[in-house]
Amino acid sequence: MPGRHAARRRADHDSFREGSGMMRRLVAVLFVLLWAGGAVAADQPSNITGLFLTTKYPGLTVKAGETTTVDLALRNFKLPPQSLTVSVPDVANGWKATILGGGQPVTAVQVAPDAEERLQLRLEPPAGIGKGEYRFTVEAKSPQHDEKLPITLTIGEELPAKLKLTTNFPALRGTATTSFKYRVTVTNDSGRDATINFSADAPKNFQVSFTEAYGSQQITSIPIEAGKSKDVEASLTIPRETQAGDYKLTLHAKTEATNADLPVSLTIIGQPRVALSGEGGRLSGEAYAGQSSQLTVVLRNDGSEAARDVELSATTPEGWKSEFDPKQLPQLAPGTPQNVKVTLIPSERAIAGDYQTTIRANAAGGLSESANFRITVLTSTLWGAVGIAIIAIALLVVVFAVARFGRR
């Protein structure tokens, strides 16, 4: 019994400790939440009361001759709903000022408690406006409030037209069958929006096309806002027979007012390309059963680099034999044909007819090329002579028999 009571007391003690730990965690979580709430409350303008007319940019530099739009905000902190008239009592000489709300001209606005209404001030300059500072005043007025916001527009020198082309990878490398693409960033550093036209100077038979980055539609021009950039891709297509070497290209971007050039380069690595054909283009031959016959195969390298460790083989009908002279070539230079003598020996049991033989050339680097040849098996002339002799002997026997026994 005493042992049982002691065990129960230990269990109760452990339960109390777990409950105390959970209470401490709950208190900690509540403390964090209260602290966070206090921090958020500290960020709120809790002590501010009133009506405010504001803009982010009360002083702007703009381009001559263009309409400017200024964003406005009318804020009500802890006041009852406010109904105010809005106007521009002070307007620079010759300018036209309009206050817009929801995209429409407005003359009054109502602001709910702890709310904000967004407006816009559209300023249209007179024709032939020159450089200088032009001042305006926006007013929001009610019987209890009169808020005024001064705004200054400065018309200065327009930024000169300027384009910039940049790329992270101006030098590419690959074989003549590689797909080459230059990712180019086009920056319009001018003071005006512009349409950028693209072109390129490339070696003969090289073709350059432009697309927007991550797009597939080819383009010749693209609009870019003042001070903004866009990415385009210049894709390069080259002939398969392009020789190994270094090549230079220049990408051009042009507007009505300026232009920019970007020199890039391309290194073509040589690539062998093995081809097989019959002599004179023939892909056929003749043979006799059990007898050797020869045909000539022309092996070529139409690539831009030597093919190495070239080995020839043949797939023939069952029972046939094949031999090559030469069977292996250490290398085959580009543009240099090599004649290979192929000896075929049909099976002795082959009957007259057409058969297919595949001749294949394999080279280092996984290169492989094959050609199919039609081989016609003919009847041997020896058996023809034997047949004729048998027929002649048979005829002589018949003639002799008729001559001898016909007299009787």
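The values are calculated or read from the model by the stated rules, or taken from the named source; none is laboratory data. Because the structure is predicted, anything quoted here is derived from the model rather than measured. Reconstructed Cβ throughout: ideal geometry from the backbone, glycine too, with neighbour counts over all protein chains shown.
Could you please find all residues in region 200-220 being within 17 Å of residue 266 (Cα to Cα) and of a type in the set (S, T, N, Q)? Those that are within 17 Å of residue 266 (Cα to Cα) and of a type in the set (S, T, N, Q): 205, 207, 209.
The single residue among 322, 313 that is part of a strand (DSSP E or B), modelled with pLDDT of 90 or more, in contact with a Lys or Arg (Cβ under 6 Å, 6 or more places away or on another chain) and among the polar types (S, T, N, Q) turns out to be 313. Taking region 133-182 as the range and being among the polar types (S, T, N, Q) and in a loop (DSSP other than H, G, I, E, B) as the test, the residues that pass are 142, 144, 167, 168, 175, 177, 178, 179.
Among the residues of region 235-259, those identified as surrounded by fewer than 17 Cβ atoms within 10 Å (Cβ to Cβ), of a type in the set (Gly, Ala, Ser) and touching a residue at least 40 places away in the same chain (Cβ under 8 Å) are 235, 244, 257.
Within region 75-122, the set of residues being over 21 Å from residue 145 (Cα atoms), part of a strand (DSSP E or B) and not β-branched (Val, Ile, Thr) comprises 96, 97, 104, 105, 122. Between 244, 226, 253, 234, the distinction of being at pLDDT below 90 and more than 13 Å from residue 304 (Cβ to Cβ) belongs to 226 only. Answer yes if at least one residue in region 301-310 is out of contact with any Asp or Glu (no Cβ under 7 Å at 6 or more places or on another chain), assigned to a loop (DSSP other than H, G, I, E, B) and farther than 30 Å from residue 268 by Cα, and no otherwise. Within region 301-310, not a single residue is out of contact with any Asp or Glu (no Cβ under 7 Å at 6 or more places or on another chain), assigned to a loop (DSSP other than H, G, I, E, B) and farther than 30 Å from residue 268 by Cα.
Filtering region 152-205 to residues that are under 27 Å from residue 246 (Cβ atoms) and of a type in the set (Asp, Glu) leaves only 201. Residues that are surrounded by 13 or more Cβ atoms within 10 Å (Cβ to Cβ) and of a type in the set (S, T, N, Q) within region 140-153 comprise 142, 152, listed in sequence order.
The residues on offer are 139, 133, 147, and the sole one that is acidic (Asp, Glu), at pLDDT 95 or above and assigned by TED's automatic domain parsing to the domain that holds residue 72 is 139. Just one of the listed residues (206, 198, 210, 180) is touching a residue at least 60 places away in the same chain (Cβ under 8 Å) and aromatic (Phe, Trp, Tyr), namely 180. Checking the structure you have, find out if any residue of region 210-229 is assigned to a strand (DSSP E or B) and aromatic (Phe, Trp, Tyr). The answer is yes, given that some residue of region 210-229 is assigned to a strand (DSSP E or B) and aromatic (Phe, Trp, Tyr). Residues in region 153-170 that are of a type in the set (Ser, Thr, Tyr) and at pLDDT below 95: 1 in all. Under the condition of being modelled with pLDDT of 90 or more and surrounded by 14 or more Cβ atoms within 10 Å (Cβ to Cβ), which residue from region 266-287 is farthest from residue 348 (Cα to Cα)? Result: 266.
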